[in-house]
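Q: Below is a structure I'd like to ask you about.
The values are calculated or read from the model by the stated rules, or taken from the named source; none is laboratory data. Given the structure is predicted, the values throughout are model-derived calculations rather than measurements. Here the Cβ is made from the backbone with ideal geometry for all residues, glycine too, and neighbour counts use every protein chain on show.
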Amino acid sequence: MDLFRLCSCFCLFIAAVLLPVSAAESVPSANQTINDEFVVKLPADWSYFPVNSYAGMATGVMDNNDIANVITIKIFQNMNCSPVAQENLKVNLDEFNAKTGIAALTDPVFGNDTVTQYGKYSDGKTSNLFLRLIDGNVVAVFGSYDSMEDAKAKAEEFTAIATSVIPLHPVVNELCVVQNEKPTPVPTTTYKPRPVPTVSNTIAPTKAPVS
């Protein structure tokens, strides 16, 4: 009887320990709205907090199990108005690297509307950089890692999060719209002024008085 009770208690203990773990692992990623700026699909055990970036406020996304590595998401205006997506991406990538001080470690890998690249920060850390064009928005998602090995170990998770970012607001004063506007067409019919009638004032000659 004691052996049966001991086995029962052991089974209950195992269930109490393992069930929360399996339940936590089975929770799928969910959409989260961050700072009313964008929606991003994050795992359940991730959180977010505001951080300062080179262009003002951005949002850092932190893995609670790996708090040393932070993913930062920034949405800014498209730097180029070329109709060719790869030209747009190349301009935005170069501009972004210059502003954030990232030196490219790998050649850019271009997708249909995305570009990815590994780089090096000035402090020696490795960046995993992902840029995506969405209408007039450029979504930049970049992570800071201690080494290339750490960055590549997180690459699959990083890319899944990066591709899920959806901006909630259109770009203000979108430059490409202004540059692509067509000038107002000139009317094909030429303006003809209305003829003004002329009035001739004739004065009758004064008659000589009759003597």
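Q: Please go through region 60-86 and pick out each residue that is closer than 19 Å to V172 by Cα and at pLDDT below 90.
A: Selection gives F76, Q77, N78, M79, N80, C81, S82.
Q: Give D146, D107 a once-over and let me know the one that is loosely packed, with under 15 Cβ neighbours inside 10 Å and within 17 Å of V61 (Cα to Cα).
A: D146
Q: Related question: Exactly one condition in (1) of a type in the set (K, R); (2) within 14 Å of V138 (Cα to Cα); (3) free of Cβ contacts under 8 Å to residues at least 60 places away in the same chain is false for K99; which is it?
A: (2)
Q: Can I ask one more? Looking at region 98-142 only, could you name the residues that are in a loop (DSSP other than H, G, I, E, B) and under 18 Å from V70 (Cβ atoms)?
A: Residues satisfying the conditions are G101, I102, Y121, S122, D123, G124, K125.
Q: Return the residues of region 150-201 that are modelled with pLDDT of 90 or more and exposed (fewer than 10 other Cβ atoms within 10 Å of the Cβ); say none if nothing qualifies.
A: Within region 150-201, just E156 meets the criteria.
Q: Follow-up. Please verify whether D66 is farther than 27 Å from I34 by Cα and out of contact with any Ser or Thr (no Cβ under 8 Å at 6 or more places or on another chain), treating the condition exactly as stated.
A: Against the criterion (farther than 27 Å from I34 by Cα and out of contact with any Ser or Thr (no Cβ under 8 Å at 6 or more places or on another chain)), D66 does not qualify.
Q: When you go through S47, S122 one by one, which is the residue that is exposed (fewer than 14 other Cβ atoms within 10 Å of the Cβ), free of Cβ contacts under 8 Å to residues at least 24 places away in the same chain, over 23 Å from E149 (Cβ atoms) and of a type outside the set (A, V, I, L, M)?
A: S47
Q: Looking at (1) more than 24 Å from H169 (Cα to Cα); (2) of a type in the set (D, E, K, R); (3) surrounded by 15 or more Cβ atoms within 10 Å (Cβ to Cβ), which is the one condition that is false for R132?
A: For R132, the exception is condition (1).
Q: Could you count how many residues in region 34-91 are outside any strand (DSSP E or B) and on the phi > 0 side of the Ramachandran plot?
A: Qualifying residue count, region 34-91: 2.
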